[in-house]
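Structure first, commentary second.
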Amino acid sequence: MKRVFLETYGCQMNEADSELMAGVLERAGMSIASAPEDADAILINTCAVREHAEQRVLGRLGEFSRLKARRPGLVVGVAGCMAQHLRARLLDHASVLDLVVGPDGYRNLPELLRRAAHGPVAHTRLDRDETYGDLEPRRGSSVRAWVTVQRGCDKFCTYCVVPYTRGRERSLPLPDLVRQVERAVAQGFKEVVFLGQTVNSYTDGERDFADLLRATDRVEGLLRIRFTSPHPSDMSERVIGAISECEKVCPQVHLPLQSGSDPVLVAMRRTYTVGEYRNLVDRLRAAIPGLALTTDIIVGFPGEGEEDFQRTVEIMSEVRYDSAFLFKYSARPDTRAYRWGETATEEEKGRRLEHLIALQQAISGQLNDAWIGRVAEVLVEGPARRDPGQLFGKSLQFKSVVFAGDGTPPGALRNVRVVGATPHTLIAEPVGAARPEAGLVQIA
Ligand code: SAH
Ligand code: SF4
Ligand code: F3S
């Protein structure tokens, strides 16, 4: 067992977990293959948050079973949330599978892969104490380092499978996280993104998320700090104060709303009212100039009627998010809401979703148009995917920006003037002199 191909689905936490797995495998003398055809083992890191996510993986397993028919020694494994959700049942489900490993089993991955070469293996025990705090991830070559500060979730929103797939909430010790950030900066990373399902409920004894922001804001050489996803109910004044006062913390907050209707929020067990959420938005905007807000919204939750849906339309029009992730409700086995069945038809969910997509598209377009003529600070990531003559990076507000290549290296900041916009991208021109000396020395 030498070369492992890793394929990742789901949220940033899964991206970070794949980097963790890559680190574990490399320390065990294995290498990461760049294509499934070159690998001795294939490991898919999966998501279970919606049924569609699981179906995609089952489709992908079908493809790998054809590869395995040609290469009988190939080991195929499923890791992550879907593995935890379906556990050993997955082994019966997909005959191609040799290994099922949940989010708390990655420490033993090399051993599990070796065993799987001799017969099916399942490791899906959740571990209240596992944080992988001592393990060094193999970070992808980018200017951005994901740093998982908290694992699991204790909120049990009634639609959500995450508390079942990732187990109880636990935070990493603050000094370990500061060290991780310092190490990432020493390796050349310029931005860190703190990850946790309810990242602002982070706690280490007396210290909270505000303390984590303040402690890492002092790390020299680091340019930007972001975090995702905060829960509205955990957004304390201390945290708002830290976001506003810390120089490196970007003016950008992803604040999942889920629904604009109070009865639906109660049924979802989101623990805030629309009024409280609205008030929080006002406080954030007052404290953080130039704040960009994004959100997650679900349509067609059990019991959501036309009235409830209209409340969601109203608050979206009122808050005017920079962008929004919009989802059709998907009933997930194990969750509380699963027992309530579905009350909206697939067509109705589709209609509501289309309505919100059109609304958000218009708002995003208007907000991006408002950037035209203004100067934005871009942290350059590299050549633009569509046109390598252009450079790509993110603004402070996490907006994608492309501008004519002027030799600014990845990891450098560049001021640009926005000259055009689409709902998804700002188009810009460099202003003033380039500052190549601020670029990356080396990427890990
Ligand atoms: N911890 C994060 C969310 C993680 S899941 C938070 O609470 O903000 C990302 C998003 O997927 C959620 O915000 C929600 O909008 C969506 N989601 C979760 N479960 C879902 C389901 N059963 N059906 C549809 N969307 C869902
Ligand atoms: Fe899921 Fe709610 Fe936890 Fe987010 S806070 S992961 S939506 S249970
Ligand atoms: Fe993330 Fe999906 Fe798991 S959203 S936590 S990978 S269920």
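The values are calculated or read from the model by the stated rules, or taken from the named source; none is laboratory data. If you're wondering where the values come from, they're calculated on a predicted model, not measured in any experiment. No Cβ is skipped: glycine too gets one built from the backbone with ideal geometry, and neighbour counts run over all protein chains shown. These accessible areas exclude ligands, DNA and RNA; they are computed on the full protein's heavy atoms, side chains included. Shrake-Rupley method; radii C 1.70, N 1.55, O 1.52, S 1.80 Å.
Which condition number does Met1 fail, the rest of (1) at pLDDT below 95; (2) crowded, with 23+ Cβ neighbours inside 10 Å; (3) among the hydrophobic types (A, V, I, L, M, F, W, C) being met?
Failing condition for Met1: (2).
For segment 154-184, give me each residue that is assigned to a helix (DSSP H, G or I), free of Cβ contacts under 8 Å to residues at least 40 places away in the same chain and open to solvent by 30 Å² or more (accessible area, probe 1.4 Å).
Passing the criteria: Pro175, Arg179, Glu182.
Hey, can you tell me all the residues within segment 94-124 that are open to solvent by 40 Å² or more (accessible area, probe 1.4 Å), outside any loop (DSSP other than H, G, I, E, B) and out of contact with any Phe, Trp or Tyr (no Cβ under 9 Å at 6 or more places or on another chain)?
Within segment 94-124, Asn108, Glu111, Arg114, Arg115, Ala122 meet the criteria.
Hey, any hits in segment 67-76 for a residue that's in contact with a helix residue (DSSP H, G or I) (Cβ under 9 Å, 6 or more places away or on another chain) and under 30 Å from Cys160 (Cα atoms)?
yes
Take Leu426 and tell me if it is surrounded by 15 or more Cβ atoms within 10 Å (Cβ to Cβ), under 21 Å from the mean Cα position of the chain (by Cα), in contact (Cβ under 8 Å) with a residue 12 or more places away in the chain and within 21 Å of Ser142 (Cα to Cα).
no
Would you check if there is a residue in segment 203-212 being in a loop (DSSP other than H, G, I, E, B), free of Cβ contacts under 8 Å to residues at least 12 places away in the same chain and open to solvent by 10 Å² or more (accessible area, probe 1.4 Å)?
yes
Which residue pairs have Cβ atoms under 7 Å apart, sit 6 or more places apart or on different chains, and have a first residue in segment 305-323 that is closer than 13 Å to Leu257 by Cα and a second that is among the small types (Gly, Ala, Ser) and assigned to a helix (DSSP H, G or I)?
So the pair list comes out as Ser323/Ser364.
Say we look at segment 231-246 and pick out the residues that are free of Cβ contacts under 8 Å to residues at least 60 places away in the same chain and part of a loop (DSSP other than H, G, I, E, B); which of these is most open to solvent (accessible area, probe 1.4 Å)?
Ser236
What do you reckon, is Gly382 open to solvent by less than 40 Å² (accessible area, probe 1.4 Å), in contact (Cβ under 8 Å) with a residue 60 or more places away in the chain and within 30 Å of Gln187 (Cα to Cα)?
Against the criterion (open to solvent by less than 40 Å² (accessible area, probe 1.4 Å), in contact (Cβ under 8 Å) with a residue 60 or more places away in the chain and within 30 Å of Gln187 (Cα to Cα)), Gly382 does not qualify.
Restricting to segment 185-201, name every residue that is open to solvent by less than 40 Å² (accessible area, probe 1.4 Å), in a loop (DSSP other than H, G, I, E, B) and within 16 Å of ligand 3 (Cβ to nearest atom).
Those that are open to solvent by less than 40 Å² (accessible area, probe 1.4 Å), in a loop (DSSP other than H, G, I, E, B) and within 16 Å of ligand 3 (Cβ to nearest atom): Gly196, Thr198.
I need the full set of residues from segment 24-45 which are under 23 Å from the mean Cα position of the chain (by Cα) and either within 16 Å of ligand 2 (Cβ to nearest atom) or open to solvent by 30 Å² or more (accessible area, probe 1.4 Å) (or both), in order please.
Ile32, Ser34
Only one of these is under 20 Å from the mean Cα position of the chain (by Cα) and crowded, with 21+ Cβ neighbours inside 10 Å: Val299, Val264, Val249. Name it.
Of the residues listed, the single one that is under 20 Å from the mean Cα position of the chain (by Cα) and crowded, with 21+ Cβ neighbours inside 10 Å is Val249.
On the given criteria, is Ser330 open to solvent by less than 30 Å² (accessible area, probe 1.4 Å) and touching a helix residue (DSSP H, G or I) at 6+ places or on another chain (Cβ under 9 Å)?
Answer is yes for this residue.
With the checklist (1) within 16 Å of ligand 1 (Cβ to nearest atom); (2) at pLDDT below 95; (3) within 15 Å of Arg166 (Cα to Cα) in hand, flag the one item Arg87 doesn't pass.
With respect to (1) within 16 Å of ligand 1 (Cβ to nearest atom); (2) at pLDDT below 95; (3) within 15 Å of Arg166 (Cα to Cα), Arg87 is out only on (1).
Out of everything in segment 139-153 that is within 11 Å of ligand 1 (Cβ to nearest atom) and part of a loop (DSSP other than H, G, I, E, B), what residue ends up being surrounded by the most Cβ atoms within 10 Å (Cβ to Cβ)?
Gly152
Does Glu354 qualify as being open to solvent by 70 Å² or more (accessible area, probe 1.4 Å), part of a loop (DSSP other than H, G, I, E, B) and among the acidic types (Asp, Glu)?
No, not satisfied.
Please verify whether Leu265 is touching a residue at least 40 places away in the same chain (Cβ under 8 Å) and of a type in the set (A, V, I, L, M), treating the condition exactly as stated.
Judged against the criteria, Leu265 is not a match.
Which one of these does Leu91 not meet: (1) in a helix (DSSP H, G or I); (2) under 21 Å from Leu25 (Cα atoms); (3) in contact with a Leu (Cβ under 7 Å, 6 or more places away or on another chain)?
Result: Leu91 passes all but (2).
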